[in-house]
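Asker: Let me give you the structure first, and then I'll get to my questions.
The values are calculated or read from the model by the stated rules, or taken from the named source; none is laboratory data. Given the structure is predicted, the values throughout are model-derived calculations rather than measurements. Cβ coordinates were reconstructed from backbone atoms using ideal geometry, including for glycine residues, and neighbour counts include every protein chain displayed.
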Protein chains: 2
Amino acid sequence: MKISKRIIDMQESPIRKLISYADDAKSRGIKIYHLNIGQPDIPTPDYIYDAIKNYSEHVLAYGPSQGLKIARETVAEYLNNMNYDINPDEIFITTGGSEAIIFAMMTVADYGDEIIIPEPFYTNYNGFASMAGLKVIPLLTKVDTGFHLPDENEIEKLITSRTKAILICSPNNPTGTIFTKEEMEMVVKIAKKHNLFVLSDEVYREFVFDNKKQTSILEVDGSAELSIMLDSISKRFSACGARIGYLVSKNRNVMKGVLKLGQARLCPPTIEQIGMIEGYKHMNEFMKQMIEEYQKRRDVVFNNLMKVEGVFTRKPEGAFYVVVKLPVDDADNFAKWMLTDFQIDGKTVMVAPANGFYATPDKGKDEIRIAYVLNVKELEDAIKILASGIKEYNKRFG
Amino acid sequence: MKISKRIIDMQESPIRKLISYADDAKSRGIKIYHLNIGQPDIPTPDYIYDAIKNYSEHVLAYGPSQGLKIARETVAEYLNNMNYDINPDEIFITTGGSEAIIFAMMTVADYGDEIIIPEPFYTNYNGFASMAGLKVIPLLTKVDTGFHLPDENEIEKLITSRTKAILICSPNNPTGTIFTKEEMEMVVKIAKKHNLFVLSDEVYREFVFDNKKQTSILEVDGSAELSIMLDSISKRFSACGARIGYLVSKNRNVMKGVLKLGQARLCPPTIEQIGMIEGYKHMNEFMKQMIEEYQKRRDVVFNNLMKVEGVFTRKPEGAFYVVVKLPVDDADNFAKWMLTDFQIDGKTVMVAPANGFYATPDKGKDEIRIAYVLNVKELEDAIKILASGIKEYNKRFG
């Protein structure tokens with residue numbers, strides 16, 4: 001019995017493929033610092049749990065396909081506090097940010113159509129594109145220029161008659177780069193000229209450092225008809241397991257299309273929407289502390305990495321990731337070796353080889369992504385171990 | 001800005017299209033008996049809510065993509081109590097039964113491939129097929145024969161080189177029919193002969209009346225390699241808003257493929273899996289009572305419908321639906337008229353026109369689906385109103 005070609009061709013999670021080596025290391029009693037996955041260690045706020053615990057409907061019934069009215073009103077208020085002028089009908093609650101991306105892709109493009117995505121990019125975009133039958137056209141960005149966008153010409157070169165959308169993510173996973181207002185405006189200008197949609201993944205919107213400001217697609221002039229903003233509460237409230245996200249668009253045809261998709265799958269989880277509503281009420285206090293914490297972590301990771309010979313990166317501007325160029329030939333092999341052959345005082349480090357974040361073969365082969373989702377003390381230790389690992393690895397194989 | 005053709009072509013929920021007329025009726029102060037949607041009125045058991053409330057992890061983190069180990073073990077135990085010999089690795093927890101169906105479709109077939117589904121069928125199969133890019137090939141079943149399957153030849157006639165799977169649902173939504181052991185064996189025999197997968201939607205497995213027994217695809221000899229069983233806790237525990245389902249397959253390639261899809265979307269909701277585990281512990285006591293209640297309702301609906309002149313149906317064998325042939329030309333128009341122009345003592349009835357449950361145009365135009373998800377007293381009143389409505393409608397338009 002043969003399964004479908006689309007599934008056979010689908011990329012396996014490159015972050016997860018090292019897991020068996022990590023499991024082996026753990027079974028040998030080795031402690032692993034997990035810098036490989038964006039699972040925050042910050043406790044989920046009590047008031048979100050309390051809201052979930054206070055849910056008291058007799059029947060845990062299907063909610064509306066577009067999400068509870070009060071949940072959409074809450075998101076609208078959050079966005080309008082930033083002067084984005086969004087009404088609740090322009091918001092669709094999804095099962096995690098994942099579903100928001102899948103629905104957006106399916107709505108703007110048909111099977112075989114193309115979507116341009118700056119690389120390196122969040123690897124699951126590949127999976128979503130496979131599900132929607134889209135071809136990902138990578139737009140290369142480079143560590144030397146802090147992973148900012150190339151100029152207009154470079155982007156326009158990639159556009160064909162099958163191109164339907166550009167997908168951007170800012171602050172960026174995996175690079176930590178925040179696209180400037182000018183970069184966002186350039187993307188909208190190109191989209192407008194070529195009749196493309198812009199899908200804007202803004203899951204890390206508040207994760208910005210050094211008093212920088214993220215520019216939302218929602219505030220770029222002339223973007224209303226062509227933009228879909230994608231968001232999630234996973235990182236904002238450290239509630240990844242809640243599976244609540246949403247998409248926002250002022251394009252009525254998009255919203256009608258998304259509703260069809262949403263009705264087929266009935267509704268997003270009901271109880272967690274109640275949790276989300278409570279989260280937004282307390283958001284400012286909670287996030288301020290969290291961002292300060294992440295900025296400290298960013299500094300520890302960046303400053304300590306820069307001391308390591310042969311390592312190169314730019315200071316990440318947001319999110320909680322950084323893509324780092326290592327003085328090794330094959331970061332995939334290095335990441336594996338760190339789990340199978342290296343340890344200091346019974347501890348080692350797991351990182352994500354960056355090659356999996358590129359669609360262009362062989363790109364990023366000497367790069368890794370670090371998610372700084374541990375506390376400062378652990379991060380200091382982890383980067384020390386990583387630095388020793390690099391030295392030792394090069395002594396043996398360099 | 002044009003949205004995708006697949007979304008433009010996608011069927012809008014036929015159950016939901018009458019909603020604005022229902023809202024208008026409500027705003028005129030009319031009480032509506034909702035027989036149009038499968039949302040049970042049975043309270044969700046307290047122990048499920050208690051398990052959700054007792055969740056006490058500091059971080060509501062991503063769970064495993066295939067679901068929590070303990071959740072998969074719980075499902076395995078449930079299935080093994082019926083002697084199905086399933087291990088936890090053959091189970092994949094999904095976000096509702098909906099996601100189980102989408103994942104199964106994407107895994108067994110490519111864009112443009114065909115899937116045979118007996119009609120009338122659960123309308124959202126159309127939506128899932130649109131998402132997966134599959135063409136639904138309807139296999140007509142008829143009210144006269146209690147919506148049982150036609151013989152082997154009729155099914156084989158529909159098979160082409162693009163056919164990849166047969167999707168069956170037993171007990172059936174919308175017909176309430178339970179396919180016999182012989183029917184299930186016939187489907188597997190045909191699938192085997194033509195190298196097809198069998199997707200078996202068994203969400204209503206326990207909803208069987210008159211001491212009948214449902215035959216699971218998991219107990220049909222020779223089905224192991226080609227079958228995917230689809231299930232959900234929505235109806236079993238009256239927990240539709242929890243969004244927990246799963247699929248079960250002994251085909252390792254299928255499970256590997258589903259894992260790729262699952263990893264892309266990260267994980268199903270975490271807390272509700274804990275609720276589910278508790279639900280299965282108490283399942284037998286809870287469901288016994290519930291099924292007795294549904295059987296009473298079935299009897300009330302069937303017996304009272306059969307007294308109405310010109311109405312025809314067979315006694316449903318399971319689930320909580322029945323498809324009924326009415327003495328009207330256009331059930332769509334009748335259902336709308338019941339909301340816009342009819343009432344008795346300020347009450348009316350909302351039903352689902354059955355045409356939307358058929359893929360063949362014009363089929364089921366004189367049929368409706370009734371979901372008996374109200375208590376016996378309300379159902380008696382609702383069927384009385386429906387009967388008067390039919391009489392009055394025919395007096396005016398017949």
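Asker: Which one of these does A:Phe320 not meet: (1) out of contact with any Ser or Thr (no Cβ under 7 Å at 6 or more places or on another chain); (2) more than 23 Å from A:Ile15 (Cα to Cα); (3) at pLDDT 95 or above?
Answerer: Among (1) out of contact with any Ser or Thr (no Cβ under 7 Å at 6 or more places or on another chain); (2) more than 23 Å from A:Ile15 (Cα to Cα); (3) at pLDDT 95 or above, A:Phe320 violates only (2).
Asker: Can you confirm whether the range B:339-353 contains a residue that is surrounded by 22 or more Cβ atoms within 10 Å (Cβ to Cβ), in a helix (DSSP H, G or I), outside the structural domain of B:Ile244 (by TED's automatic domain parsing) and more than 19 Å from the chain's Cα centre (by Cα)?
Answerer: yes
Asker: Also, quick follow-up: For residues that are surrounded by 15 or more Cβ atoms within 10 Å (Cβ to Cβ) and assigned to a loop (DSSP other than H, G, I, E, B), tally how many sit in the range B:13-36.
Answerer: Summing the residues that are surrounded by 15 or more Cβ atoms within 10 Å (Cβ to Cβ) and assigned to a loop (DSSP other than H, G, I, E, B) in the range B:13-36 gives 6.
Asker: Hey, among the residues in the range A:104-114 that are facing chain B (nearest Cβ under 7 Å) and crowded, with 24+ Cβ neighbours inside 10 Å, which one's nearest to A:Leu199 (Cα to Cα)?
Answerer: Top of the filtered list is A:Val108.
Asker: State the number of residues belonging to the range B:250-260 that are at the interface with chain A (Cβ under 7 Å from one of its Cβ atoms) and assigned to a helix (DSSP H, G or I).
Answerer: Qualifying residue count for the region: 4.
Asker: For the range A:359-379, indicate whether the set of residues that are in a helix (DSSP H, G or I), within 22 Å of A:Ile42 (Cβ to Cβ) and of a type outside the set (A, V, I, L, M, F, W, C) is non-empty.
Answerer: yes
Asker: Starting from the range A:227-243, take each residue that is within 11 Å of chain B (Cβ to nearest Cβ) and list its partners that are assigned to a strand (DSSP E or B) and of a type in the set (Phe, Trp, Tyr), counting only C-beta distances under 9 angstrom and pairs at least six apart or across chains.
Answerer: As it stands, the answer is A:Ser227/A:Phe197; A:Ile228/A:Phe197; A:Ser232/A:Tyr246; A:Ile233/A:Tyr246, since those pairs meet every condition given.
Asker: Report yes if some residue within the range A:228-248 is closer than 23 Å to A:Glu317 by Cβ and in a helix (DSSP H, G or I); otherwise report no.
Answerer: Yes.
Asker: Give the range A:161-182 a look and list any residue that's in contact with an Asp or Glu (Cβ under 6 Å, 6 or more places away or on another chain) and either closer than 25 Å to B:Ile3 by Cβ or not in a loop (DSSP other than H, G, I, E, B) (or both), or say none.
Answerer: Scanning the range A:161-182 gives A:Arg162, A:Thr163, A:Lys164, A:Cys169.
Asker: Among the residues of the range A:121-144, is there at least one that is surrounded by fewer than 20 Cβ atoms within 10 Å (Cβ to Cβ), part of a loop (DSSP other than H, G, I, E, B), more than 14 Å from every other protein chain (Cβ to nearest Cβ) and in contact with a Leu (Cβ under 7 Å, 6 or more places away or on another chain)?
Answerer: Checked against the condition, which is being surrounded by fewer than 20 Cβ atoms within 10 Å (Cβ to Cβ), part of a loop (DSSP other than H, G, I, E, B), more than 14 Å from every other protein chain (Cβ to nearest Cβ) and in contact with a Leu (Cβ under 7 Å, 6 or more places away or on another chain), the range A:121-144 yields no hits at all.
Asker: Tally the residues that are buried (at least 21 other Cβ atoms within 10 Å of the Cβ) and assigned to a loop (DSSP other than H, G, I, E, B), restricting the search to the range A:183-202.
Answerer: The total comes to 2.
Asker: So, one more: When you go through B:Ile70, B:Ile101, B:Ile93, B:Ile86 one by one, which is the residue that is modelled with pLDDT of 95 or more, within 14 Å of another protein chain (Cβ to nearest Cβ) and either more than 17 Å from B:Asn253 (Cα to Cα) or not in a helix (DSSP H, G or I) (or both)?
Answerer: On inspection, the qualifying residue turns out to be B:Ile93.
Conditions (1) outside the structural domain of B:Gln263 (by TED's automatic domain parsing); (2) on the phi > 0 side of the Ramachandran plot; (3) aliphatic (A, V, I, L, M), marked per residue:
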site: B:Lys31; (1), (2), (3): yes, no, no
site: B:Asp89; (1), (2), (3): no, no, no
site: B:Ile101; (1), (2), (3): no, no, yes
site: B:Asp113; (1), (2), (3): no, no, no
site: B:Pro118; (1), (2), (3): no, no, no
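Asker: Quick check on the range B:43-62: of everything there that is under 27 Å from the mean Cα position of the chain (by Cα), closer than 17 Å to B:Ile244 by Cβ and part of a loop (DSSP other than H, G, I, E, B), which residue is nearest to the other protein chains (Cβ to nearest Cβ)?
Answerer: Looking at residues that are under 27 Å from the mean Cα position of the chain (by Cα), closer than 17 Å to B:Ile244 by Cβ and part of a loop (DSSP other than H, G, I, E, B), I get B:Thr44.
Asker: Any idea which residue in the range A:145-160 is farthest from A:Tyr358 (Cα to Cα), counting only those that are among the aliphatic types (A, V, I, L, M) and assigned to a loop (DSSP other than H, G, I, E, B)? I'd like the intermediate steps shown before the answer.
Answerer: In the first step, residues of the range A:145-160 are kept if they are among the aliphatic types (A, V, I, L, M); the result is A:149, A:155, A:158-159.
Then drop every residue that is not assigned to a loop (DSSP other than H, G, I, E, B), which leaves A:149, A:158-159.
On the way: A:Leu149: 15, A:Leu158: 16, A:Ile159: 19 Å.
Among them, the one singled out is A:Ile159.
Asker: So A:Asp110 ticks every box in (1) under 21 Å from A:Val323 (Cβ atoms); (2) not in a helix (DSSP H, G or I); (3) not polar (S, T, N, Q) but one. Which box is left unticked?
Answerer: (1)
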